[in-house]
Every structure is written in structure tokens, then in C-alpha cells.
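Quick notes on the structure that follows.
The values are calculated or read from the model by the stated rules, or taken from the named source; none is laboratory data. Quantities reported herein were computed from a predicted structural model and do not represent experimental measurements. All Cβ positions, glycine included, derive from the backbone under ideal geometry; neighbour counts span all protein chains shown. Side chains are part of the model used for accessible areas, which takes the heavy atoms of the whole protein and leaves out ligands, DNA and RNA. Shrake-Rupley method; radii C 1.70, N 1.55, O 1.52, S 1.80 Å.
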Amino acid sequence: ETYLLEKIRLVHQSPGERNYHVFYQLLAGATEEERKRYFLKEYTVKDFKMTSGSGTFDRRDGVDDVESMEDLLSAMTTMGFDPDEMDDIFGVAVACLHLSNVVFSALSADECKVEDSNGHLDAVLNLLGFERENFNKALCYFTIMAGKEKHSRSLSKAKAEKGLEALIKASYSGLFDYLVKNINERITFKGVGGKAAYIGVLDIFGFEVFKKNSFEQLCINYCNEALQQQFNKVVFSTEQSEYKKEGIEWSFIEFPDNKEVLDLIEHKATGIIPILNDMCIAPGLTDLNFARDLYQKIKNPRFEANPLQMGKGQFVVHHYALSVTYDTDGFVEKNKDELPKEAKELLESSSKSFVQTLAKIISPPAPAANASTGPVRRFGGKKKIRTVGGQFILQLKKLRTRIDDTTPHYVRCLKPNQHLGPNDFNPGLVSEQLRSLGVVEAIKLSRTGFPQRYQHDLFLHRYGIIAVDEIKGTEGTDRLAALVKVLALKLKNIK
């Protein structure tokens with residue numbers, strides 16, 4: 001499973017953010033031979049739109065990209081990727097860099113062409129195995145069916161640029177899924193019976209709040225809400241139910257319940273994501289339609305939108321950690337996350353078998369809608385779209401079920417400061433994180449409870465020698481009760 005690959009980062013980075021590290025590692029660590037093979041010449045991170053958009057080129061934590069590239073190559077070798085496979089993988093990654101520098105020339109208000117004089121075009125065509133004419137046709141034109149006849153229509157420069165961004169995101173996403181699938185296959189237990197116990201490590205999304213919060217932040221924060229509920233369930237509910245089962249006198253601690261927030265986001269009829277999915281049922285519905293539906297349908301106390309926010313298409317969700325204002329601009333398009341049909345056909349037409357493999361990963365045969373595949377929307381009874389939000393809800397539910405079936409242990413990572421620098425501890429920042437993550441309540445529970453646990457037989461084995469005469473002739477819980485009684489008296493006398 002892959003969970004919400006943040007594809008928007010490929011075409012837009014916020015101030016202070018980099019694109020995915022692999023692009024910087026490739027440009028910093030490529031050998032002369034690799035630079036020639038990937039048409040990188042003397043290019044640096046400042047020469048590509050994908051790596052220069054935010055003006056941030058180096059890692060804030062000081063990690064060296066050249067060393068990271070060496071580590072990446074070593075890790076891929078350990079995972080069994082041979083040189084040819086790595087060449088295919090890095091070739092597509094570099095092709096994404098070159099794609100970001102492709103430019104279009106406007107021929108009229110609603111027609112454009114790929115600029116032939118652009119130096120990155122040949123690199124794209126060679127690395128992805130495209131024909132020049134097919135590439136221009138796929139990005140600058142679209143086809144419609146009128147009865148049984150197919151007609152070609154031109155696209156404006158702005159729409160062609162959107163199609164190019166979709167191609168970049170789809171190519172990288174397909175590459176990411178390919179890597180996940182192959183690594184999983186290589187590390188899967190293949191012994192007798194085909195099954196084995198496992199240890200799973202989940203590195204969860206950090207709670208996000210920016211100056212402008214969009215669809216990605218809603219999904220990420222929704223994930224945090226769901227996993228916070230799991231944390232509450234394990235740490236609080238399980239702990240307190242254990243005391244109750246043992247018959248220990250206990251004053252139950254009230255802890256925040258975020259079920260209202262989860263219902264606000266995922267409820268079938270009145271949840272934010274289901275309402276957003278409904279916007280994908282028919283063409284022509286916009287972010288404005290989505291915002292209006294939210295204001296009309298949602299009555300959840302964790303949802304808020306004042307007149308000023310309504311005028312801007314914004315809404316507030318009062319999350320477990322803190323309140324976040326979201327901007328609906330781009331929600332509908334991001335939820336569809338569609339790759340134009342012409343771009344899909346372009347990938348399928350590639351002369352490179354690896355790109356054809358990615359095309360099959362990107363556009364598998366569309367299944368019928370059912371409980372396991374997620375919401376699939378029909379357009380005119382023919383076209384099907386699986387929404388990003390709907391798929392994420394189902395993936396998250398599966399993840400929560402998996403966590404319920406295991407014995408989870410939590411490691412909370414806290415930022416000591418905002419600039420990732422050493423020897424700088426910001427108490428206010430750390431305190432805020434401890435409270436928003438529910439750690440303060442968890443510590444309170446442990447301090448007021450009974451953190452030391454013994455199985456009965458181990459307790460008897462260790463301390464039974466103190467009360468040999470008193471426990472003689474007793475069995476089971478009576479034996480244990482007799483020992484505890486003796487220990488209590490001895491401790492009282494010590495005091």
C-alpha cells in the first residue's frame with residue numbers, strides 16, 4: 001500500500017521546502033558518464049523548474065546529497081536491483097526533471113504547440129521513448145467522440161501546461177508504486193506455509209498547518225486524527241479497562257475524543273470527502289459548488305465558516321491538535337487527479353518497455369465499484385474515476401484494522417526547534433507538540449496508574465520466598481493473595 005503520495009510537491013513547493021530528495025541527489029551525485037546518459041550536461045538544481053521553484057536547494061538538516069545518493073545506490077543494490085533496472089528507474093526520474101522545463105508556444109487563445117527549440121525536449125523524448133509528433137499531439141490536443149466519429153480539438157497553452165504537470169505527477173507516482181511493489185516482493189517471506197509474524201514500522205504524517213491549507217493538508221491531518229484515535233484507544237481505553245478487569249480501584253481519566261472530527265471528514269452523507277467525491281459525478285462542477293455544499297450540508301460542531309470565510313471559499317476544522325483553516329481552491333481537481341487520456345496513450349506508446357510497465361501501473365483496467373476498491377464515479381454512464389479522497393478513506397480504514405490486529409508501540413518524535421538546528425531547545429514548541437499529540441494525558445495516566453506489571457507466576461517465583469509459611473498449602477489466586485497480604489504488612493511496618 002502507498003498512502004497519499006504528495007504529488008503536488010512535484011509541481012509546487014512551499015517556501016522553505018524542497019521537492020523529493022532524489023532529484024537533488026541525482027543532480028549532485030551523478031557521474032560524468034551518467035550526466036551524458038541522462039542529458040544532464042552541467043545542469044544544477046537551479047536549472048530545473050522542479051527543483052528551483054521554492055528557492056530552497058539544500059537540506060535544512062545539513063545532510064549531504066552526494067552521500068545520500070551513494071547510500072541510495074547501496075540500498076537499491078542490497079534490495080536486488082541490477083544496474084539495468086536502476087538505469088530505467090533513474091532515467092524516468094531525470095525525465096521528470098526535463099519534463100518540468102518543457103515549454104509551450106501559444107498559436108492562438110485556444111491552440112498551442114511544444115516549443116521545438118527547448119533543449120530539454122530531446123532529453124524527454126529519448127529517456128521516455130516518445131515520438132516528437134506524438135508528444136506534441138498528446139499534450140496540445142484532445143479527442144472527443146461524436147457518435148462513432150472521433151474529432152481532435154486543440155488546447156490552450158494553460159491547459160497544455162496542466163496536462164504536462166499531470167504527466168509528471170503520473171510518471172513519478174507510477175515509479176513510486178513500482179518501487180514499493182518490487183521491494184515488497186523481494187522482502188516477502190517465502191517459507192513453508194507462506195506466512196510469518198512481522199514487525200511493521202509506520203512513519204506517520206506530521207500534523208500540518210500552513211498559511212494556505214489545501215486538499216493535501218486535509219488528508220494528512222485526517223490521517224493524524226485517525227491514528228490519534230488509535231493511540232487514545234490503546235493508551236487510555238486499554239489501560240483503564242485492564243484496571244477495571246483486575247478489580248483495582250481507579251478514578252477514570254477523561255481524555256479528548258476526536259470521533260466528531262472523523263465523522264466530519266469521512267461520514268458517508270455529510271462528510272467533507274464524500275461531499276467532495278460527489279463533485280466528481282458530473283463534469284462542470286467546481287470548487288465553488290463544493291464550498292456551497294459544505295456550508296449547506298454540514299452541521300458538525302467541529303466545522304465552522306464565518307461570512308468572510310464563505311466569501312473566500314474557506315472553512316475551519318477544529319482538529320484534535322488545533323484549528324485549521326482550509327481553502328477549497330483546487331480541491332475538486334486534486335480529488336480527481338486525472339491523467340488525460342491522450343497522455344495515458346502516450347505512455348503506452350513508448351518504445352521503452354519500462355515506461356510501458358509504468359503505464360500499466362498508472363492506468364490499470366478500471367474495476368466495478370465495490371467495498372474494496374473505493375468510490376468509482378461514472379460520467380455519462382461510461383467513464384470511471386476513482387477519487388483520491390475516497391481511496392484514502394478506505395486505505396486508512398484498512399490501516400486502522402491492521403493496527404488493531406497488532407500490539408502497537410509508539411515512538412513520538414518532537415521538533416526541538418523550527419529550523420532543525422542543533423543545541424536549540426524551544427520549550428514552548430515542545431510543550432505544544434506534547435499536548436497536541438496526547439502525550440501529556442498519556443504521562444498523567446501512567447503516573448497515576450500502575451506502570452510495573454508482573455505475570456502471576458513470575459511474581460510468585462520472585463517474591464514467594466518472603467512468605468514461604470503463609471503461602472504454603474494455597475493454590476492459584478489464593479496463593480497470590482496471601483503473598484500480597486504479607487508484602488503489604490511488611491511494607492506498612494517499614495513505613
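Tabulated results
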| item | result |
| --- | --- |
| The stretch 104-126, subset exposed (fewer than 15 other Cβ atoms within 10 Å of the Cβ) and aliphatic (A, V, I, L, M), residue nearest to Gln13 (Cα to Cα) | Ala106 |
| Of residues in the stretch 409-436 being aliphatic (A, V, I, L, M) and out of contact with any Lys or Arg (no Cβ under 6 Å at 6 or more places or on another chain), the one nearest to Gly476 (Cα to Cα) | Val411 |
| Search result, residues across the stretch 299-324 that are in a loop (DSSP other than H, G, I, E, B) and more than 20 Å from Asn224 (Cβ to Cβ) | Lys299, Ala305, Asn306, Gly313 |
| Residue match in the stretch 217-227 (condition: open to solvent by less than 40 Å² (accessible area, probe 1.4 Å), touching a Phe, Trp or Tyr at 6+ places or on another chain (Cβ under 7 Å) and among the acidic types (Asp, Glu)) | yes |
| Among the candidates Gln433, Gln418, residue that is open to solvent by 50 Å² or more (accessible area, probe 1.4 Å) and within 18 Å of Gly206 (Cβ to Cβ) | Gln418 |
| Selection status of Leu458, under 48 Å from the mean Cα position of the chain (by Cα), assigned to a helix (DSSP H, G or I) and free of Cβ contacts under 8 Å to residues at least 40 places away in the same chain | yes |
| The stretch 274-288, residues that are open to solvent by 50 Å² or more (accessible area, probe 1.4 Å) and of a type outside the set (A, V, I, L, M) | Asp278, Pro283, Gly284, Thr286 |
| Residue tally, condition open to solvent by less than 50 Å² (accessible area, probe 1.4 Å) and farther than 20 Å from Arg447 by Cβ, over the stretch 230-262 | 4 |
| Leading residue by the ranking (most open to solvent (accessible area, probe 1.4 Å)) among those in the stretch 22-74 that are of a type in the set (Gly, Ala, Ser), touching a helix residue (DSSP H, G or I) at 6+ places or on another chain (Cβ under 6 Å) and within 20 Å of Ile89 (Cα to Cα) | Ala28 |
| Cβ pairs under 6 Å, 6+ apart, first in the stretch 464-488 and open to solvent by less than 30 Å² (accessible area, probe 1.4 Å), second assigned to a loop (DSSP other than H, G, I, E, B) | Ala482/Thr474 |
| The one condition in (1) farther than 22 Å from Asn221 by Cβ; (2) not in a helix (DSSP H, G or I) that Ile443 fails to fulfil | (2) |
| Test result for Thr2, over 30 Å from Lys398 (Cβ atoms) and of a type in the set (Ser, Thr, Tyr) | no |
| Which listed residue, of Gly147, Gly129, Gly163, is open to solvent by less than 60 Å² (accessible area, probe 1.4 Å) and out of contact with any Leu (no Cβ under 9 Å at 6 or more places or on another chain) | Gly129 |
